[in-house]
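Asks: Once you've had a glance at the structure underneath, I'll fire off some questions.
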């Protein structure tokens, strides 16, 4: 499970605000000007320590129809993420990422405790039972982070990050292309000899 850097154009517009803050709106497009799906944009300080996160948030990555939803989730360091299983079968969610290693052995429903993402990095997650199930959690060291789902990217490629201090830059990341969904249960038709 290898992730790459956005091979896309990130155009940044800064809307000046009052005082020492501005709102940043980023637009992510590929080299052909098309919207980029499953992308993350993070605004970072160009110098000095990263901005402090006011309070870690609770978030969710669902399991629906044997897929993780959303495919890409951006969170800040310290975020607690629940992994509810809304399927009628059990899943075994895991990651062996250097940013976060965890396992949620076979379960249905919602585990009692969330997974806390305490280090920045990209965390690929999978299901040990259903190999095609794959998603990514981007853990940012900046509170100014946003992700865009594939479906939403077709309508809008704008990411709003702000208000934030001046002297900030942006970085982006794009998840690898999504693998096909669950294997089909249909079987090929048998051909009779000579057909």
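Asks: Within the bounds of the range 125-135, is there any residue that is surrounded by fewer than 15 Cβ atoms within 10 Å (Cβ to Cβ), at pLDDT below 90 and farther than 14 Å from residue 75 by Cα?
Replies: There is no residue in the range 125-135 that is surrounded by fewer than 15 Cβ atoms within 10 Å (Cβ to Cβ), at pLDDT below 90 and farther than 14 Å from residue 75 by Cα.
Asks: Can you name the number of the only condition in (1) more than 12 Å from residue 76 (Cα to Cα); (2) at pLDDT 90 or above that residue 152 fails?
Replies: Here residue 152 meets the rest and fails (2).
Asks: Go through the range 104-128 and report how many residues are assigned to a loop (DSSP other than H, G, I, E, B), touching a residue at least 24 places away in the same chain (Cβ under 8 Å) and over 16 Å from residue 86 (Cα atoms).
Replies: The qualifying residues number 4.
Asks: Sticking with this structure for a sec: Looking at the range 38-77, which of its residues are in a loop (DSSP other than H, G, I, E, B) and modelled with pLDDT of 90 or more?
Replies: 61, 65, 66, 70, 71, 77
Asks: In the range 83-103, which residue that is assigned to a loop (DSSP other than H, G, I, E, B) and within 16 Å of the chain's Cα centre (by Cα) is surrounded by the fewest Cβ atoms within 10 Å (Cβ to Cβ)?
Replies: Checked the range 83-103; the qualifying residue surrounded by the fewest Cβ atoms within 10 Å (Cβ to Cβ) is 99.
The values are calculated or read from the model by the stated rules, or taken from the named source; none is laboratory data. Note that the structure is predicted; figures quoted are calculated from it, not measured. Because the Cβ atoms are built from the backbone with ideal geometry, glycine has one as well, and the counts that use them run over all protein chains shown.
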